[in-house]
Amino acid sequence: MAVQAMAEEPFVFSGTVATANGLTVSVYPSLVAVEPLWRDLETRAVLTPYQRFEWIAGYCAAGFDLPDTIAILAVMDGNKPVALAPFGVSRRFGIKLAQIVGMPISNMDAILYDPTYAERLTPELLRDAFGALRRVGADIVSFHSFVPLWQGQPNLLMGLPHVPAPNNLYLGELDALDAEFIEEALPHKRRTNIRRSKRRLTEGYGELSVRAAGSADEIEAMHAAFLDQRGKRFRAMGVANIFAAPAFQSHFRNLAIASLGQEYPVFRYHALYAGDEILATSLGVCTPTHYSQYINSTTIGSASKYSLMGVMLSALLDQLRSEGYTSFDMGLGDFDYKTDWTAATTVYDSLLPVSPLGTLTAPVLLGARSAKRAIKQTPTLWTIARSVLAIKTRLLGRG
């Protein structure tokens, strides 16, 4: 779906609360129109990797289905941007939803904001500002999987009505570890397992190293290994490999290549090598201080009997910490191995009605999200649901 063409000039919304706080709200119709403000705000903003300009611009260029209308909300103090939320508005479930652009493939929603303005960016002001999206036809403003606290700063979205999201997010701190190496901070049993795996892998497969892709050729090699490893894992699970889709491949490779040589790369490939063979990969989205492991892969060969992701992460996290990263996450989704490195963090969804139709439908949609969480957080129900999904995937594959 193509984004509708609109005039490039923003409209300015004179909200009562924003005006009282000495601020204005503007709605921009394209990434191009707001890029200078966005990049300026990023230099001083609280933001997750999924609100970086490059991540969202890359998403729009990669071939994913796009919203009907782009509506980027900017809260301004004169000519200075102090908060920004990039929305796309599309018709779903018979209503028009405003959602963060890139939400379908991102791990967390948030708004960018200047923390020195946190006291002025009140819940009342945000409600007032989001009301401007009525002007582009929105019925509901929707946020998915936002954290209550981000790198020591409060998430302003917690001032809106919210409910727990279906999945937890797995967050870890790098600057709080009282150990020279990450491995030393692990429980004894886990630490011993990783050290034994390192020794056996070195003996059987060659010298181990974890390396970041430093050239387009290395990106291609790691990407090929990732696709092969992840594809085989998914087939064994009876799950379609969504990362083989052209849009995902384009998004990952283009962002990684564009990030080469940057002081603060947006997207990075890392791989665990044994000699010249890639045993595991990690693909991550970054801010200057945070690494979000978007997806990983491991070989299904004979080396898979060892703790490949443990070996990979113990070296990768040490590298990231040495480069100035202070925190990391392992994304949404509850898997036991994540708790070796991170803590399960409850994240939240919010649906804010901005029209009479939105007021009628928001409780129904929130109820559906709550039901989904109940299924995913109940092991028996989630096992049944995964089995049904696997059967559906196999049947579709035969068709």
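The values are calculated or read from the model by the stated rules, or taken from the named source; none is laboratory data. Just so you know, these numbers come straight off a predicted model, no measurement behind them. Here Cβ is always computed from backbone atoms with ideal geometry, including for glycine, and neighbour counts include all displayed protein chains.
Selection of the stretch 241-291 for residues being among the small types (Gly, Ala, Ser) and either surrounded by fewer than 23 Cβ atoms within 10 Å (Cβ to Cβ) or over 15 Å from the mean Cα position of the chain (by Cα) (or both) yields ALA244, ALA245, ALA247, SER250, ALA256, ALA258, SER259, GLY261, ALA271, ALA274, GLY275, ALA280. Please work out which residue is modelled with the lowest pLDDT, limiting yourself to the stretch 301-310 and to residues that are more than 12 Å from ASP340 (Cα to Cα) and not polar (S, T, N, Q). Checked the stretch 301-310; the qualifying residue modelled with the lowest pLDDT is GLY301.
Of everything listed in (1) under 22 Å from THR359 (Cα atoms); (2) touching a residue at least 12 places away in the same chain (Cβ under 8 Å); (3) surrounded by fewer than 21 Cβ atoms within 10 Å (Cβ to Cβ), the single unmet condition for ALA118 is (1).
When GLU263, GLU203 are checked against the criterion of being closer than 23 Å to TYR325 by Cα, out of contact with any Pro (no Cβ under 6 Å at 6 or more places or on another chain), not assigned by TED's automatic domain parsing to the domain that holds ALA62 and not in a strand (DSSP E or B), GLU263 stands alone in meeting it. Inside the stretch 90-140, residues that are among the aliphatic types (A, V, I, L, M), part of a helix (DSSP H, G or I) and at pLDDT 90 or above make up a count of 6.
Which of the residues belonging to the stretch 231-259 are in contact with a Ser or Thr (Cβ under 7 Å, 6 or more places away or on another chain) and either modelled with pLDDT of 95 or more or among the β-branched types (Val, Ile, Thr) (or both)? Within the stretch 231-259, just VAL239 meets the criteria.
Residues are listed down the side, and each one gets a yes or a no for (1) under 17 Å from the mean Cα position of the chain (by Cα); (2) in a helix (DSSP H, G or I); (3) touching a residue at least 60 places away in the same chain (Cβ under 8 Å):
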{"position": "VAL32", "(1), (2), (3)": "no, yes, no"}
{"position": "ARG39", "(1), (2), (3)": "no, yes, no"}
{"position": "TRP55", "(1), (2), (3)": "yes, yes, yes"}
{"position": "ILE72", "(1), (2), (3)": "no, no, no"}
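Evaluate the following for TRP382: is it touching a helix residue (DSSP H, G or I) at 6+ places or on another chain (Cβ under 8 Å), modelled with pLDDT under 90, not basic (Lys, Arg) and not assigned by TED's automatic domain parsing to the domain that holds ILE95? The answer is no for TRP382. Of the residues making up the stretch 211-229, one or more are modelled with pLDDT of 95 or more and part of a strand (DSSP E or B). Given the options PHE143, PHE64, name the one that is under 30 Å from ASN254 (Cα atoms) and assigned to a loop (DSSP other than H, G, I, E, B). Checking each option against the conditions leaves just PHE64. On the given criteria, is PHE87 at pLDDT 95 or above and either within 23 Å of ASP349 (Cα to Cα) or surrounded by 19 or more Cβ atoms within 10 Å (Cβ to Cβ) (or both)? Taking the combined requirement at face value, the residue satisfies it. If you take the residues in the stretch 323-350 that are over 27 Å from PRO123 (Cβ atoms) and of a type in the set (Phe, Trp, Tyr), which one is surrounded by the fewest Cβ atoms within 10 Å (Cβ to Cβ)? Ranking the qualifying residues of the stretch 323-350, first place goes to PHE335. Is there a residue in the stretch 136-151 that is within 20 Å of ALA343 (Cα to Cα) and among the small types (Gly, Ala, Ser)? Yes, the stretch 136-151 contains at least one residue that is within 20 Å of ALA343 (Cα to Cα) and among the small types (Gly, Ala, Ser). Output yes when any residue across the stretch 308-329 is within 29 Å of ILE100 (Cα to Cα) and among the polar types (S, T, N, Q), and no when none is. Within the stretch 308-329 (the criterion being within 29 Å of ILE100 (Cα to Cα) and among the polar types (S, T, N, Q)), the answer is yes, since at least one residue qualifies.
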